[in-house]
Amino acid sequence: MSDQEVSKSKVEAVNLAPAAATPICPIKGGAHKALASVLMSRSVRRLQRDHRGYPVPFMVVQSPINLAVIDPLRHREGAQRKLCGVCGERLGNKKWFVGGNITVTNRLFLTLPMHEECARYSLRVCPFLSNPAMKYRNEAVAGSANPNVSPTRPHAFYLLRTNGYTTAVIEDTRYIMANEWEYAEEWRDGERVSLDKV
Ligand SMILES: [Zn+2]
């Protein structure tokens, strides 16, 4: 797949509002209890761990480990080979994303898509997604100051499914642009929001 160079006017056309926070884990402090209680899939168990025991997602910087920064080479390889951003294995026909309400609308992600089970694991275990008390470190999430990333942690996250994506380079940043959503669920604080709570 070649990158799609997106002109300035096209960028405006896709409504490049600040992208909602992404499911990478800028974690700090003690390990979250979900790490011990939520079952890991076989592919997640194969990942290396950080010093607290958190699995290190395929798409982040591995050496030295930095859970908050996307590795650009892994991102490129993953986008070209259709790999899961968490476990690094090939995706099937369905691609799953986790995003806030802005990414639901603009469908632009800094992170790679995931398997369903990897996305659900991240929603339950990643402290950024599951723990409202966690401090949000904006500079770490963006890798550098990135005007397209929201400086605040969204209240709710969405688990989203689509059948494919393209890549787009916008002002030197590579984004994944998901196809139309086929399915969505709302999550708050590491739990799926049931319909009567929405
Ligand atoms: Zn996976």
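Order of 51-62, 34-45, 101-112 by packing, highest average Cβ count within 10 Å first? Numbers along the way, then the final one.
Working: 51-62: 18.5, 34-45: 14.1, 101-112: 21.2.
Most protected by this proxy first, the peptides run 101-112, 51-62, 34-45.
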| said: Check which residues have an amide H placed less than 5 Å from ASP71's amide H, if you skip close sequence neighbours. | reply: VAL60, VAL61
| message | Taking 30 Å as R0, compute the FRET efficiency from the Cβ-Cβ separation of LYS33 and SER63 and round it to 0.05. | response | 0.60
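Determine, from the Cβ-Cβ distance of THR166 and MET40 and an R0 of 30 Å, the FRET efficiency 1/(1 + (r/R0)^6), rounded to the nearest 0.05. Show your work: numbers first, answer last.
Details: r = 31 Å, r/R0 = 1.03.
For R0 = 30 Å, the calculated efficiency reads 0.45.
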| Pairwise label distance in nanometres, HIS51 with TRP181, each label 7 Å out on the Cα-Cβ vector | 3.8
| query | Using alpha carbon centroids, what distance separates segment 37-55 and segment 63-103, in Å? | reply | 16
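A short reminder: the numbers here are calculations on the coordinates, not readings from a lab. What you see is a predicted model, and the numbers here were worked out from it, not measured in a lab. All Cβ positions, even for glycine, are placed from backbone atoms using ideal geometry, and neighbour counts span all protein chains on display.
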